[in-house]
Amino acid sequence: MNAPAADPPTTGSPGPIGHRARVMAVTSGKGGVGKTFVAANLAAALARRGERVLVLDADLGLANLDVVLNLQPKVTLHDVFTGRATLKEATLKAPGGFSVLLAGSGLVEYSRLTPDLRERLLEVIHQVTPHYDRVLLDTGAGISDVVLYAVSLADDVLVIATPEPTSLTDAYATVKVLAAQQQREIFRLAVNQVSRKGEGRAVQQQLQTVVDRFVRTGEGAAVKLDLLGELPTDTAVREAVQRRKLLLEVQPGSPAALAMIALAERLPKVVLR
Amino acid sequence: MKLSLALQLLERAQHAWPADAEPGSPAWLQSVVDGLCALSSRDPLTDLPNRRQLELTLDREIDRVARSGEPALVLMADIDHFKRINDTHGHAAGDRVIQAVGRVLQDTVRPMDTVARVGGEEFAIVLPNCAPAFGQAVAERIRRRVEREGVAVEAGSAGPAQVLRVTISVGGAFAPQWVRSSARLWLDRADHQLYRAKSSGRNCACLETPPVLVVSSEEKGLLFASPALADADNENVDSP
């Protein structure tokens, strides 16, 4: 499980010439709302419907995709960045049928957005996108320059929020900054840890109301939050997280797992470009 | 192949042919291509880079900024009341003014900067690696330099030879530091500032100020004002 994958993509060959994966950044503002958990399980759900998916741990300083997936990688992005390994060697197969690029332990080294880090991240994206249908960027918490830059590499942004006031505020701040700085007009939204059906919609409507009033892109365009789905609070999630397994692997029939699959279904299929 | 037209164009532009290059030889053909490239990237009136060349420069600069994080500024400069100059002194004088302003702009910036004629009486200046703190000062220096410099125009049917005083309005914007951007967007933002400079009386420089992004207490208040969310809280309280 921890051996480097034979080839970066699950199928091993790049797609048609000019094909590039759709890159989606998974971000939240606030930490601890289940960003990495959603990224990993969403990747598994997308892989189930036949997509070639790569999850890239873009939280370079405080990565924990390896923790969620219970992987102990010998080779990581850090080794790629320092020239000790190739991307191919650092790409691992995750349990859910997708590939991962884990950040490893760069810690302080990657907490600042240096020209070097910009260049390396951009290069990694350029190199991996021909081999996949979708690349998920699991970004760090907060809205630091590193996070904003990582998000700027993506075609789509998925914002993870919970109904908690602090999470709502941080999700809102993230949307506001990204709209102003990166001219983003559409944000996907996934509401995690909802305690009743429809709470995700309520969160979306509330955010949308305030966004309509106070948020515009740098060019003055309106900004739309598209609710991908809600994920219920579910003891199965806690168990999966504790056992460091994918929810979709250990409890595929649980309410949260079913919600995750429904959420993936709402993402448009990647059409070969 | 419109080779004869190409040769006429090069002839007219006083193209410098390489010594002893036989017509039809690889060296000669290379010189034709080089000559046509130079023609298609420069503005004939001012000999400055034209809009086509400017867009290439901006694309390159945007990529460089995204990769390096170094700031870069683009300024748009437009000659004030240019129509009046044309109407009063004739189009030949107007052309002289455009050429003179182009020269002044070129003389005022660093060798690494690109001054281009975008069209009409409008110029763009790309300044790589220009720190945000200096942006306004640079724009002001350029504006004052044009204001000080007079443009001598020959005697025309309209009257005797004289020195015209011209001024420019300047608008500027810094390149976004993120990956998602385009030359068009960047220029649009500078153009918007130029519009501001024009509407605040001309002969001044306006630079885009980065938006102050805060979440006000009013916004926060509205975020939690939802009856639906409140209901959810009540349910939590009411039902054990």
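For B:ILE85, indicate whether it is in contact with a helix residue (DSSP H, G or I) (Cβ under 7 Å, 6 or more places away or on another chain) and over 28 Å from B:GLN177 (Cβ atoms).
yes
Right, A:ASP138: within 17 Å of the chain's Cα centre (by Cα), within 10 Å of chain B (Cβ to nearest Cβ) and within 21 Å of A:ALA21 (Cβ to Cβ) or not?
Criteria not met by A:ASP138.
Of all residues in segment B:102-152, which are in contact with a helix residue (DSSP H, G or I) (Cβ under 8 Å, 6 or more places away or on another chain) and β-branched (Val, Ile, Thr)?
Passing the criteria: B:VAL104, B:THR108, B:VAL109, B:THR114, B:VAL115, B:VAL118, B:ILE125, B:VAL126, B:ILE142, B:VAL146, B:VAL151.
Just checking, does segment A:25-41 include any residue being under 30 Å from A:GLN204 (Cα atoms), modelled with pLDDT of 90 or more, in contact with a Gly (Cβ under 8 Å, 6 or more places away or on another chain) and part of a helix (DSSP H, G or I)?
Checked segment A:25-41: at least one residue is under 30 Å from A:GLN204 (Cα atoms), modelled with pLDDT of 90 or more, in contact with a Gly (Cβ under 8 Å, 6 or more places away or on another chain) and part of a helix (DSSP H, G or I).
From the set of residues in segment A:205-222 that are surrounded by fewer than 20 Cβ atoms within 10 Å (Cβ to Cβ) and either in contact with a strand residue (DSSP E or B) (Cβ under 6 Å, 6 or more places away or on another chain) or more than 8 Å from every other protein chain (Cβ to nearest Cβ) (or both), which is nearest to B:HIS192 (Cα to Cα)?
Here the residue is A:GLY220.
Within segment B:39-80, count every residue that is without any contact (Cβ under 8 Å) to a residue 60 or more places away in the chain, touching a Lys or Arg at 6+ places or on another chain (Cβ under 7 Å) and away from chain A (no Cβ under 14 Å).
So the answer is 2.
Failed condition for A:LEU113, given (1) over 16 Å from the mean Cα position of the chain (by Cα); (2) more than 18 Å from A:ALA141 (Cβ to Cβ), with all others met?
Result: A:LEU113 fails condition (2) only.
Just one of A:LEU153, A:LEU178, A:LEU168, A:LEU158 is more than 27 Å from A:ALA103 (Cα to Cα) and surrounded by 24 or more Cβ atoms within 10 Å (Cβ to Cβ); which is it? Before the answer, list the steps.
Working: A:LEU153 fails: more than 27 Å from A:ALA103 (Cα to Cα); A:LEU178 fails: more than 27 Å from A:ALA103 (Cα to Cα); A:LEU158 fails: more than 27 Å from A:ALA103 (Cα to Cα).
Within the list A:LEU153, A:LEU178, A:LEU168, A:LEU158, the selection yields A:LEU168.
Just give me the residues in segment B:175-200 being within 24 Å of B:ARG52 (Cβ to Cβ), in a helix (DSSP H, G or I) and small (Gly, Ala, Ser), in sequence order.
Selection gives B:ALA183, B:ALA190.
Here's the yes/no breakdown for (1) modelled with pLDDT under 75; (2) surrounded by fewer than 21 Cβ atoms within 10 Å (Cβ to Cβ); (3) farther than 26 Å from A:THR174 by Cβ; (4) more than 13 Å from every other protein chain (Cβ to nearest Cβ):
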{"site": "B:ILE168", "(1), (2), (3), (4)": "no, no, yes, yes"}
{"site": "B:LEU185", "(1), (2), (3), (4)": "no, yes, no, no"}
{"site": "B:CYS206", "(1), (2), (3), (4)": "no, no, yes, yes"}
{"site": "B:THR209", "(1), (2), (3), (4)": "no, yes, no, no"}
{"site": "B:SER217", "(1), (2), (3), (4)": "no, yes, no, no"}
{"site": "B:ALA228", "(1), (2), (3), (4)": "yes, yes, no, no"}
{"site": "B:ASN234", "(1), (2), (3), (4)": "yes, yes, yes, no"}
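Return the residues of segment A:181-200 that are facing chain B (nearest Cβ under 10 Å) and over 21 Å from the mean Cα position of the chain (by Cα); say none if nothing qualifies. Break it down into steps so the answer makes sense when it comes.
The initial filter retains those residues of segment A:181-200 that are facing chain B (nearest Cβ under 10 Å), namely A:181-184, A:194-196, A:198-199.
Selection gives A:SER195, A:ARG196, A:GLY198, A:GLU199.
For A:LEU148, are the conditions met, namely being more than 7 Å from every other protein chain (Cβ to nearest Cβ) and of a type in the set (A, V, I, L, M)? Full working, then the answer.
Numbers: more than 7 Å from every other protein chain (Cβ to nearest Cβ): no; of a type in the set (A, V, I, L, M): yes.
No: the conditions fail for A:LEU148.
Anything in segment A:152-170 that is away from chain B (no Cβ under 11 Å) and either of a type in the set (Ser, Thr, Tyr) or out of contact with any strand residue (DSSP E or B) (no Cβ under 9 Å at 6 or more places or on another chain) (or both)? List them, or say none.
Within segment A:152-170, the first condition is being away from chain B (no Cβ under 11 Å), and the residues that meet it are A:156, A:158-160, A:162.
A:THR162 - this is the single residue of segment A:152-170 that is away from chain B (no Cβ under 11 Å) and either of a type in the set (Ser, Thr, Tyr) or out of contact with any strand residue (DSSP E or B) (no Cβ under 9 Å at 6 or more places or on another chain) (or both).
Among the residues of segment B:147-160, is there at least one that is assigned to a helix (DSSP H, G or I) and modelled with pLDDT of 90 or more? Let's see the steps before the verdict.
Restricting attention to segment B:147-160, the residues satisfying the condition of being assigned to a helix (DSSP H, G or I) are B:147-148.
This time we only want the ones that are modelled with pLDDT of 90 or more, so: B:147-148.
Among the residues of segment B:147-160, at least one is assigned to a helix (DSSP H, G or I) and modelled with pLDDT of 90 or more, which makes the answer yes.
Within segment B:3-12, identify whether any single residue is under 21 Å from B:GLN99 (Cβ atoms) and either crowded, with 16+ Cβ neighbours inside 10 Å or modelled with pLDDT under 95 (or both), and answer yes or no.
Quick first cut of segment B:3-12, residues under 21 Å from B:GLN99 (Cβ atoms) only: B:9, B:12.
From what is left, the residues that are either crowded, with 16+ Cβ neighbours inside 10 Å or modelled with pLDDT under 95 (or both) are B:9, B:12.
Yes, there is a match, as at least one residue in segment B:3-12 is under 21 Å from B:GLN99 (Cβ atoms) and either crowded, with 16+ Cβ neighbours inside 10 Å or modelled with pLDDT under 95 (or both).
The values are calculated or read from the model by the stated rules, or taken from the named source; none is laboratory data. Keep in mind it's a predicted model, so treat the numbers as computed, not measured. Backbone-built Cβ (ideal geometry, glycine too); neighbour counts: all protein chains shown.
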